[in-house]
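So the structure is just underneath, and the comments pick up after that.
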Amino acid sequence: MEHRKRPPRGGARGGERGERPERSLKDISVTVWLTPENAAFFTKNGFLYIKYQEKEQRAFLCRQFPFEMQWEFISVMNDEQQEIGIIRSLDLFEGETRELLRLELERRYYAPVIKSIGQVKERYGFSYWKVTTEEGELSFTLHDTFRSIIHAEEKRLVILDVDGNRFEIPNVDALDRKSYKKIELYL
């Protein structure tokens with residue numbers, strides 16, 4: 001019987017496609033703090049860009065603590081999903097830049113605010129919701145309703161539907177009595 005040599009763990013070596021460059025722990029664990037002194041944000045063709053270390057590239061913002069600290073600890077990623085750095089707080093930036101970053105985060109984390117709940121029906125592990133939001137009436141579906149409703153703060157709820165859309169109830173106690181009764185079981 002012929003024995004074949006196994007390829008080394010961790011994928012291809014020697015310049016083959018799909019190889020990632022080796023990085024040391026020191027390179028991986030360094031946190032780059034982005035400030036107005038070392039980073040400039042701007043839009044080009046409707047997309048957010050960053051100029052950092054004399055290099056311009058697309059920028060994607062990602063909240064590291066999306067429920068607790070919406071305007072702090074914002075990770076800035078490039079189009080290859082590699083982190084460029086972290087913005088400690090949007091308050092470090094002023095005027096147009098702060099507004100640009102705030103609008104980009106609001107666009108990415110768009111979540112209509114639910115004002116009332118008209119109907120919740122459960123069927124085969126799914127719940128079907130009809131709600132009224134600031135934008136009007138909406139319908140959405142939740143799978144595993146208990147896990148789809150996230151207690152973001154004491155009274156604030158974030159609801160994630162089957163399509164990945166977010167909805168928000170800023171204060172569950174502020175809902176009208178009928179709406180509260182429809183969601184009370186899941187709290």
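For region 78-90, in order, what is each residue's ³J(HN,Hα) by Karplus, 6.51 cos²θ - 1.76 cosθ + 1.60 with θ = phi - 60°, in whole Hz (x at glycine and Pro)?
Result, rounded to whole Hz: 8, 6, 9, 6, 9, 6, 7, x, 10, 8, 5, 7, 5.
What nm value, rounded to one decimal, do you get for the distance between ARG177 and TYR109 when each label is placed 7 Å out toward the C-beta?
Simple spin-label model gives 3.5 nm for this pair.
For a protection proxy built on the mean count of beta-carbon atoms within 10 angstrom, sort 156-165, 44-53 highest first, please.
Per-residue Cβ counts within 10 Å, averaged per peptide and sorted highest first, yield 156-165, 44-53.
Over the chain, what is the mean sequence separation of C-alpha contacts under 8 Å (at least six apart), divided by residue count, expressed as relative contact order in percent?
Values: 275 pairs, mean separation 22.5, N = 187.
Reported relative contact order: 12 percent.
Got a sec to turn the phi values of region 121-136 into Karplus ³J(HN,Hα) couplings, 6.51 cos²θ - 1.76 cosθ + 1.60 with θ = phi - 60°, whole Hz, x for Gly and Pro?
Residue by residue, region 121-136 yields 10, 10, 7, 6, x, 10, 10, 10, 10, 10, 10, 10, 10, 4, 8, x Hz.
Percent relative contact order of region 114-184, based on C-alpha pairs within less than 8 angstrom and at least six residues apart?
RCO, region 114-184: 26 percent.
In nm, to one decimal, how far is the GLU83 label point from the THR35 one, both placed 7 Å along Cα→Cβ?
1.9 nm
For region 114-184, report the % of Cα-Cα distances exceeding 13 Å. Working shown, then result.
Working: 1576 of 2485 pairs.
The calculated P(r) of region 114-184 puts 63 percent of pairs beyond 13 Å.
Quick note: the coordinates plus some simple rules give every number you see, no bench work behind them. Bear in mind the structure is a predicted one, so any value in this text is a computation, not a measurement. Cβ coordinates were reconstructed from backbone atoms using ideal geometry, including for glycine residues, and neighbour counts include every protein chain displayed.
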